[in-house]
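Each value in this text was obtained by applying a stated rule to the coordinates, not by laboratory testing. Here the structure is a predicted model, which is why all the values come from computation and not from measurement. When we count neighbours, we look across all protein chains shown, and the Cβ atoms used for this are built from the backbone with ideal geometry, even at glycine.
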Amino acid sequence: MLLLYPQNFYFEDSTIPMKRTLVILLMLVAGLAQAQLKALVGGTLIDGFGGKPLLNSVIIIEGERIKAIGQVGTLEVPAGAEVISTEGMSVMPGLWDMHVHLYINGHSDYTHWDKKYLGAAKNIIMPASAHQLLMAGVTSARDLGGPLEASISVRDRINKGELPGPTMYMSGPFIQHAPYPGTEAFRWGVTGEVDARAKVKQLAKAGVNVIKLIDQDQMTLAEVTAVVDEAHKNKLKVVGHSHRPEEIRIGLKAGVDCFEHTGLASAPEYPEDIMAMIKERTAQMSLGPLFWTPTIEGLYNFEAVRDNPEHLDNNSWQLDMPDSIVKDIKASIRKPGQLSYYQLNPIRKPTLERKIKQLKEAGVVLLVGTDSGIPMKFHSQSTWNELDVWVNRLGFDPMYTIRAATYWPAVAMGADKDFGTVTEGKYADIIAVKGDILRNIDLLQRVDIVMKKGKRYK
């Protein structure tokens, strides 16, 4: 029997081309395996655990995960591995942003946005927002409020590799007493304990990763407790909006796992009874940490943005966004100083500083989150701005701040076995930036290398 072989040779023995084909296939498989090996070589590794940085680091990546970590001269780079120089760079875990809204992107008029762009959420706006986050070095993020089907779809397409973006943890719609008119697609009202449990079950069945409460001070304690209890039965954490004191009180009584924001009121500090409740909760070590995402940079930096609005023209936030939507966003923020959303800010800076100090002293574990998507707060800029405020305005230790954006968020989401630190066996979510970020945290505004699950995006 004559068989045609690709090299135009003919063989009487049919087993010969079969053997050669097998050899070629084995060579291709071996080559593919080698191509999956990467080595980050030469950088200063800040691993996320808070210890002394590792100089002249070598990080071996095989496929999606970290295979080995060592130093130049002691850890050999495998033959055939792709070598990526990180010399002169700070290397660290990919950032987490624990409070984003992919559905919005800096527009100042929520009512207009919801009416015009809700239908574009799944295939245009949310994928664009996710891509912008990733290119800013954010490899994991928690989305706290958006249309349910679109949220799940975007998260799953990212996980399948169909869209570029961080690993997303989605809440879907807010749970509250009653949705604001026109927001029913992403705000669900509850009427009584039975309905509260039913809403949580519906969200859990849809596949959300976390439950978001808002305006819980307008709900009964029984309703809020039902939400928290049902969420915990479904192995879901609950985060609670915390602008108003009573939101915090009722959230603490019900067992909310993480609080968001630091309050819009001009009161100089948290009331004594709330601080007593927080300290009582943080003292119960068997319950784990009490987490808090203060989201302070937007309001803290408002005056600087108002007086120096040039960064609003940075095209990083326009990535994947249609020109018509970009034009609409620009028009809505053309007069930053007149936006009503920020008018309380002048009296809030000392309030923010005092409240952050109170929370820190009470044993709360603070997490980096930005509320990105709110007016003038873009997904491509907000995370590094948050770290800047913590370190350069509030005096936080840089290593503490980095852990609040890497290690602790992974712990809060129960994902620390795979994410949050640069560790052997974990996913290779790694970023690198030229210079020493422990001396200048602002270098994170220009991330040079972005790697997520071993794939380099930047």
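Data for the structure
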read-out: Label-point separation, His177 to Asp436 (7 Å along Cα→Cβ), nm; value: 5.4 nm
read-out: Per-selection metrics, the stretch 95-419 (Cα): Rg and Dmax in Å; value: 18.4, 52
read-out: Rounded FRET efficiency, nearest 0.05, which uses the C-beta distance separating Asn234 from Leu55 and R0 of 41 Å; value: 0.35
read-out: The stretch 277-351 - percent relative contact order, Cα under 8 Å, separation 6 or more; value: 38 percent
read-out: Degrees separating the helix 272-282 axis from the principal Cα axis of the chain, which is the longest one; value: 30 degrees
read-out: By average C-beta atoms within 10 angstrom, highest first, the peptides 327-340, 106-119; value: 106-119, 327-340
read-out: Potential lengthening between Asp273 and Tyr110 on full extension [0.36 nm per residue; Cα-Cα distance subtracted]; value: 55.2 nm
read-out: Per-residue ³J(HN,Hα) for the stretch 358-373, Karplus 6.51 cos²θ - 1.76 cosθ + 1.60, θ = phi - 60°, Hz, x for Gly and Pro; value: 4, 5, 5, 5, 7, x, 6, 8, 7, 10, 7, x, 10, 6, 4, x
read-out: DSSP beta bridge pairing in the chain, given as percent antiparallel to the nearest 5; value: 45 percent
read-out: For the chain: relative contact order, % (alpha-carbon pairs under 8 angstrom, 6 or more apart); value: 20 percent
read-out: Over the chain: helical MRE at 222 nm, DSSP H runs n ≥ 4 each giving -39500 (n - 2.57), nearest 500; value: -10000 deg cm²/dmol
read-out: Added length on full extension, which subtracts the Cα-Cα distance from 0.36 nm per residue, Gln218 to Arg334; value: 38.3 nm
